[in-house]
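Heads up, the thing below is written out as structure tokens.
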Amino acid sequence: MRTFNKYKDKNFTVLGVSLDEEKDEWLKAIAKDELKWTQVSDLKGWENEVAQKYKITSIPRNLLVGPDGKIIAKDLRGDDLDAKLEEILAK
């Protein structure tokens, strides 16, 4: 949440891709965690199209994806994610 708030106005956003299968439970989790960014799901669990495309085999997982759809970095969190975003957005 901190990183999203820090960079959301600097050509950065977060897309939450859920591997849930139960719509009500998925929506409850979004509300409970107060997630402010876009959330999507096809409710197909591990067969989710995005999970298949990006070869997601475990969760939680995060990918830093550039505007061209290519993966820039994987599984960055906290200060490491901030440092990478500073580097990328400074260009």
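The values are calculated or read from the model by the stated rules, or taken from the named source; none is laboratory data. The model shown is predicted, which means the values in this text are computed figures rather than measured ones. Neighbour counts run over all protein chains shown; Cβ positions are idealised from the backbone, glycine included.
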Checklist entry - Looking at this structure, is LYS53 touching a Leu at 6+ places or on another chain (Cβ under 9 Å) and either modelled with pLDDT under 90 or among the charged types (D, E, K, R) (or both)? => result no
Next on the checklist: Looking only at the stretch 1-21, filter to residues that are exposed (fewer than 13 other Cβ atoms within 10 Å of the Cβ) and part of a loop (DSSP other than H, G, I, E, B); which one of those is nearest to the chain's Cα centre (by Cα)?
Outcome noted: THR13
Checklist entry - For the subset of the stretch 56-84 comprising residues that are among the aliphatic types (A, V, I, L, M) and touching a Leu at 6+ places or on another chain (Cβ under 8 Å), which member is farthest from ASN5 (Cα to Cα)? => result ILE56
Checklist entry - Quick one: would you say ASP33 is exposed (fewer than 15 other Cβ atoms within 10 Å of the Cβ), closer than 23 Å to ILE88 by Cα, without any contact (Cβ under 8 Å) to a residue 24 or more places away in the chain and not β-branched (Val, Ile, Thr)? => result no
